[in-house]
Amino acid sequence: MSSEKPILAASDPPPFSSENVAGTSPFVIVCEHAGRRLPASLGTLGMADEHLARHFMWDIGALELARAIAARLDAPLALQRYSRMICDCNRHWKAESFIPEQGEGIPVPANIDITEAEREQRRAEIWQPFQDGVEAMLDRRAMDDQQTLFVTIHSFTPVFFGVERKMEYGVLFDRNDSLSPALLEVLRARHGDKALANEPYSMSRDTDYTVPVHGEDRGLDSVEIEVRNDLLSSPEEIEARADDLASALRDAAATLGVRA
């Protein structure tokens, strides 16, 4: 057992939070990179304050978008608001990228040469409670015989290491189940090549955890949606994208014979 001082104080919020758990939708929405919160015990992870508002700390606009989509669908929502620079709740805890040593080329000093005890603390205090919360939410739905379509919401930068990303939406999946191609077809009919499959990166069990484990391993129709973050720069833009994606998800569900 680790003798390290706890990372989270009593005043720190829990890693897992949920909203609208009694929602009537077949959709369950998850946002793993919803915030950039840092526990006081970890300070700024050794980074300058100017870097703490960079996209690598969290998915900018994803929380607000996820909430707006969930509201339109009357869907339960699961959130994790600690920065992914502490540990990435969309990675397996054994993955090399679980505790990043840099973000977009910016070193994260507190994450360099981290000890196994420190790694285990972050897993136990941040990662595991979030995974347990998502699992419990899905277990309850299964016990109640509720159909579940599993969706995670993320955002991405318009430029990454000098490479411009022109697409607006990415539809990510590991196994090509029914929901992901149905959603991609709807979005491509509306937006053409601004909606792409497995962009800005391909999903695998090395790069993702939530959809492969909580979704696909349960046999749930699952998809990860990525939205370019400059399209989420204002409340009005977020509302417009939420309208688009909520209706696209409904249309995709309808092709599967699911009323949403």
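A few notes on this one:
- Of all the criteria given as (1) out of contact with any Ser or Thr (no Cβ under 6 Å at 6 or more places or on another chain); (2) free of Cβ contacts under 8 Å to residues at least 60 places away in the same chain, the one not satisfied by ASP74 is (1).
- Of the residues examined, SER97 is not one that is among the small types (Gly, Ala, Ser), within 21 Å of HIS55 (Cα to Cα), under 19 Å from the mean Cα position of the chain (by Cα) and at pLDDT 95 or above.
- Count - residues of the range 155-164 that are more than 12 Å from VAL227 (Cα to Cα) and assigned to a loop (DSSP other than H, G, I, E, B): 2
- Filtered residue count, the range 225-260, keeping only those that are in contact with a helix residue (DSSP H, G or I) (Cβ under 6 Å, 6 or more places away or on another chain), more than 24 Å from PHE56 (Cβ to Cβ) and β-branched (Val, Ile, Thr): 1
- Residues (over 16 Å from LEU184 (Cβ atoms) and in contact with a Phe, Trp or Tyr (Cβ under 7 Å, 6 or more places away or on another chain)) located in the range 216-227: LEU220
- Looking only at residues of the range 204-260 that are among the acidic types (Asp, Glu) and in a loop (DSSP other than H, G, I, E, B), we find that the one that is nearest to LEU179 (Cα to Cα) is ASP208.
- Selection within the range 29-83 - more than 19 Å from the chain's Cα centre (by Cα) and β-branched (Val, Ile, Thr): THR44
- The set of residues in the range 159-197 being of a type in the set (Val, Ile, Thr), out of contact with any strand residue (DSSP E or B) (no Cβ under 8 Å at 6 or more places or on another chain) and closer than 22 Å to PHE27 by Cβ consists of VAL186 alone.
- Looking only at residues in the range 69-109 that are among the aliphatic types (A, V, I, L, M) and not in a loop (DSSP other than H, G, I, E, B), the one that is nearest to GLY162 (Cα to Cα) is ILE106.
- Listed conditions (1) in contact (Cβ under 8 Å) with a residue 12 or more places away in the chain; (2) part of a helix (DSSP H, G or I) are all met by PRO6, apart from (2).
- GLY257 vs. criteria among the small types (Gly, Ala, Ser) and within 14 Å of the chain's Cα centre (by Cα): no
- Residue in the range 165-203 that is nearest to the chain's Cα centre (by Cα), counting only those that are outside any helix (DSSP H, G or I) and more than 17 Å from SER155 (Cα to Cα): ASP174
- The residue that is modelled with the lowest pLDDT, among those in the range 116-135 that are more than 14 Å from ILE7 (Cα to Cα) and surrounded by fewer than 16 Cβ atoms within 10 Å (Cβ to Cβ), is GLU116.
- Just so you know, in the range 9-56 the residues that are among the aromatic types (Phe, Trp, Tyr) and not in a loop (DSSP other than H, G, I, E, B) include one that is surrounded by the fewest Cβ atoms within 10 Å (Cβ to Cβ), and it is PHE56.
- Flag for LEU65 being of a type outside the set (Phe, Trp, Tyr), in contact (Cβ under 8 Å) with a residue 60 or more places away in the chain and not in a helix (DSSP H, G or I): no
- Under the condition of being touching a helix residue (DSSP H, G or I) at 6+ places or on another chain (Cβ under 7 Å), closer than 17 Å to MET137 by Cβ and surrounded by fewer than 17 Cβ atoms within 10 Å (Cβ to Cβ), the residues counted in the range 185-224 number 1.
- Looking across the range 148-170, the residues that are of a type outside the set (Phe, Trp, Tyr), under 21 Å from GLY215 (Cα atoms) and touching a Lys or Arg at 6+ places or on another chain (Cβ under 8 Å) come down to THR148, SER155.
The values are calculated or read from the model by the stated rules, or taken from the named source; none is laboratory data. What you are looking at is a predicted structure, and each value in this text was computed from that prediction instead of being measured. We place every Cβ from the backbone using ideal geometry, glycine too, and count neighbours over all the protein chains shown.
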